[in-house]
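What follows is calculated from the coordinates using simple rules that are stated; it is not laboratory data. Because the structure is a prediction, the values reported are computed rather than measured. Note that each Cβ is placed from the backbone with ideal geometry, even for glycine, and that neighbours are counted across all protein chains shown.
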Amino acid sequence: MKMFIIALTAFTLLFVSACQPQPELVGPEPESDTGHAIEPVTDPTKQNLKEQPVSFLKSELPREIDPNIDEDQIRILTENNAAFALAFYNQVPGKDDNLVFSPFSISLALSMTLAGAESDTEQAMLKALQFGLPEKTIHTAFNALLQSIEQSQEPLNNDMENGYFQLNISNSIWGQEDFNFKTAFLDVLAQHYGAGLFAVDFKQNPEGSRLAINDWVSEETEEKIKDLIPENTINSLTRLVLTNAIYFNGSWLHPFNKNQTAESPFYTLDGSEILVESMKLFGENLAYGQGENYQAIDLPYLSSDFVMTLLVPDTGAFNEFEAQLSQEELVNIFKNMAFTQVDLEMPKFDFESDINANDPLIALGMGNAFDQESADFSGIADEEALMISDVLHKATITVDESGAEAAAATAVIVGIKSVMPVEPISLIIDRPFLFMIRHQPTNTILFMGRVIQP
């Protein structure tokens, strides 16, 4: 028997011309603004997108491997990302509903957008995203962070029967095929994010372009996220779409026993009792912590650099805990967790969230980027003024069981010692809670959400 977490997200930024359509001018091929060519090539992996032909533009510059950056700057970036995660979380409507989103996906796509933002738009984006580093340093730090996460993907316990771990993080940019994108912008995307530009025809075939992008998202998320971009969202004024897809599928390091799963009561925010399928894990050595009004626990995955952190407020304290949770408090929670034996009972859950992030981002101070009069993305292109029209985000998470036998696994935590209590700590999650899937070495929050009603 094994326990699967499938968590995936897709994120899309839509840029449109801030002007009405102009007569199309025929001229020479765009010249490089940095002294080297933008090379058009055919991307063979995308030729199955039958809706319209897709060509691929890439900078001559390769991705920068092992970027030269101070570890403190990576730490600052991850702290900034965590602050953004909580700020965005607090702006998403529907406080009484389940929620899952990927703050990392949103930060990543918007950081790529930041490469083309100028003047007040750049400053507004830096503020909204909680960034405390210079713009150029942000791209280098993201590159180093991405490579650190990529290097952690190999499972540490390959002998686990039926064990599985997969993490895919993919970025892509889709641009109008005859648009003069600045080479400096494409260089940043190639060097730091490993991304090129897919050239499509938004002007003449907006629907075919939409289908092509949705197909890419579906492919990158193992067909779990479909139709990210709704009909009529892309039109002839669209010039650029930035997409980021994250697919996460991992087995627990300490599997739950399916035979012990049973219906148990769960108490919603208003105190109502419902019955849910609840899983049980006995006597495992897990990172655990508690504070004045909460308990916290880490559940490691097969690749144990990754954990799911559960934050369980005391009965009646959910709204207070949620409102007071800050980046500093989150760091303290992580620091104060220690390994101990735990008897855990938690519900299975399976849901998705579909978020138009325009309003949350505007509330955080990024309204300038959406404004036809003031948006400045001249770092992307000069020939037309650009603005962001929509920021679309869809995420889904499944915590479920499959299989018939429990795999043998032993947790060995090198360098951490704890005194085992005579009796394991009991944590029964029978009330609303928050969850995060995070990369432990960098404290990067890949996914975040809340379970109000499993």
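Where the centre of each part is set by its Cα atoms, how far does the range 94-145 sit from the range 326-342, in angstrom?
So the two Cα centres are separated by 25 Å.
Using a/c under 1.5 as the rounded threshold, could you call the range 350-395 rounded, prolate or oblate? The axes a ≥ b ≥ c are square roots of the C-alpha gyration tensor eigenvalues, and prolate needs a/b larger than b/c, oblate otherwise.
Here the range 350-395 falls in the prolate category.
I'd like the FRET efficiency for N90 and Q440, computed as 1/(1 + (r/R0)^6) with the beta carbon distance as r and R0 of 25 Å, rounded to 0.05.
According to the calculation, E is roughly 0.55.
Once you place label points 7 Å from the Cα toward the Cβ at Y267 and S374, how far apart are they in nm?
Using points 7 Å along Cα→Cβ, the separation is 4.7 nm.
How much length would be gained if the chain were fully extended between Y164 and N332, taking 0.36 nm per residue of separation minus their Cα-Cα distance, in nm to one decimal?
That works out to 57.4 nm of additional length.
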